[in-house]
Amino acid sequence: MSFDDLRRDIEDHIDRETRDNLDRGMSPQAARAAALRKFGNRNRIAARHSPNANRACDTHEIPGLFPFIHQNVLRNLDAVGL
């Protein structure tokens, strides 16, 4: 599946959810907004599922990376008196 195919699938999913929301009586704007909220961040999802995704850089897959960065940021802020 190409990246463009993936993006089309994502948009199709959001469009179906929007139609379902319209059928439930929501206004068009509210239906689309609810569908987008339910689906989540389209760009991030598309990038994660792209055939060319560099998943090794995903902090969720590198245990301990975020706490390590967080700890260093706090230490540096403390060092400069913030």
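Laboratory data are not the source of any read-out in this text; all were calculated from the coordinates shown. Only a predicted model underlies this, so the values are computations on that prediction, with no experimental measurement involved. Heads up, the Cβs are rebuilt from the backbone with ideal geometry, glycines too, and the neighbour counts pull from every protein chain shown.
At a glance:
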| item | result |
| --- | --- |
| FRET efficiency estimate (nearest 0.05) - Cβ-Cβ, residue 37 to residue 74, R0 35 angstrom | 0.65 |
| Square roots of 5 times each gyration tensor eigenvalue, C-alpha, segment 1-51, largest first, Å | 24, 10, 6 |
| Net lengthening on full extension, residue 7/residue 44 (0.36 nm per residue, minus Cα-Cα) | 12.2 nm |
